[in-house]
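The next block holds one structure in the form of structure tokens; read it before the comments.
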Amino acid sequence: MGSSAADDVPAVRPEASWPALAAVVAVLVLTLLRPPEMRVAPVWVLPTLEIGLIAALMASHPPRSGPRVRRWRTISIVLVGIVVADTLGATAHLIDVLIKGGDTTNSASSLLAAGGIVWFSNVFAFALLYWLLDGGGVAARTVRMPDAPDLAFPQQLSPELAPPGWRPRFYDYAYLAVTTSTAFSPTDVMPLKAWAKLAMGVQSLVSLAVLGLVVARAVNVLT
């Protein structure tokens, strides 16, 4: 008997959770290192939520369809949304300190360190957001890639470049977050859905504000 086309498609190996967990741990550490002037909430609030996010991500892996995984994914999205909102708030506090002056702006090294903490926090937070939302989440992408993607990777636009059964992994979304924060625009990944365009637009503006103002102020302090 001949095999069907579906039989020729290799099984997709479930994505490991450790890269996303490592990103959450990185955000947690950066949150603790953030100067007091950049804090949006008491020092214990964000680490507590981030530990809850680690638990939610672990509970939703290995990724498979089902109400339990969907419930934990929803909780993870809410927690990541709070983390993103906190990093945006920290960016606003940083800009306020740059305009009005403060302890952080008196030293170029302290200012660059604070700016780096905020910048990297935004990169990790948005990488987690893209990873959780694109294509219905990790479990949905493992089962089947959507015909109309939220984020179009080169391997989707040119399938001949991708190995059979290719799926975007967390490092693909981390790379997307880094390039969005450095190029201030899409590079190789195109946002097709409204939420993706909004998220990438906000991330670009935040990065532009942080890099532009922090570097300018640091040069001014040095001179």
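The values are calculated or read from the model by the stated rules, or taken from the named source; none is laboratory data. Note that the coordinates shown come from a computational prediction; the quantities given were computed from them, not determined experimentally. Quick reminder, even Gly has a Cβ in these numbers, built from the backbone with ideal geometry, and neighbours come from all protein chains shown.
Kindly indicate whether any position in the range 2-20 is at pLDDT 90 or above and farther than 15 Å from Ala127 by Cα.
no
If you go through the range 84-92 one residue at a time, do you hit one that is farther than 25 Å from Ser204 by Cβ and not charged (D, E, K, R)?
no
Can you tell me which of Leu132, Leu88 is surrounded by fewer than 21 Cβ atoms within 10 Å (Cβ to Cβ) and either in a helix (DSSP H, G or I) or among the aromatic types (Phe, Trp, Tyr) (or both)?
On inspection, the qualifying residue turns out to be Leu88.
Here are some residues: Ser109, Ser60. Which one is at pLDDT below 85, surrounded by fewer than 18 Cβ atoms within 10 Å (Cβ to Cβ) and over 22 Å from Tyr175 (Cα atoms)?
Ser109
Give the residues of the range 26-43 that are of a type outside the set (D, E, K, R) and at pLDDT below 90, sorted by residue number.
Pro35, Pro36, Met38, Val40, Ala41, Pro42, Val43
Does the range 198-217 include one or more residues that are assigned to a loop (DSSP other than H, G, I, E, B), buried (at least 18 other Cβ atoms within 10 Å of the Cβ) and at pLDDT below 95?
Checked the range 198-217: no residue is assigned to a loop (DSSP other than H, G, I, E, B), buried (at least 18 other Cβ atoms within 10 Å of the Cβ) and at pLDDT below 95.
Which ones in the range 86-104 are more than 14 Å from Arg34 (Cα to Cα) and touching a residue at least 24 places away in the same chain (Cβ under 8 Å)?
Ile95, Leu98, Gly102
Anything in the range 175-197 that is within 27 Å of Ser110 (Cβ to Cβ) and assigned to a helix (DSSP H, G or I)? List them, or say none.
Within the range 175-197, Ala177, Val178, Thr180, Ser181, Thr182 qualify.
Can you give me the number of residues within the range 181-201 that are more than 16 Å from Asp150 (Cα to Cα) and either of a type in the set (Lys, Arg) or within 12 Å of the chain's Cα centre (by Cα) (or both)?
So the count comes out to 1.
Filtering the range 171-197 down to residues that are of a type in the set (A, V, I, L, M) and either farther than 19 Å from Gly81 by Cβ or without any contact (Cβ under 8 Å) to a residue 60 or more places away in the chain (or both), which residue is surrounded by the fewest Cβ atoms within 10 Å (Cβ to Cβ)?
Ala194
Got at least one residue in the range 158-170 being in a helix (DSSP H, G or I) and within 30 Å of Met38 (Cβ to Cβ)?
yes
I'd like the full set of residues that are among the small types (Gly, Ala, Ser) and either outside any helix (DSSP H, G or I) or over 18 Å from Trp131 (Cβ atoms) (or both), limited to the range 20-73.
Answer for the range 20-73, where residues must be among the small types (Gly, Ala, Ser) and either outside any helix (DSSP H, G or I) or over 18 Å from Trp131 (Cβ atoms) (or both): Ala41, Ser60, Ser65, Gly66.
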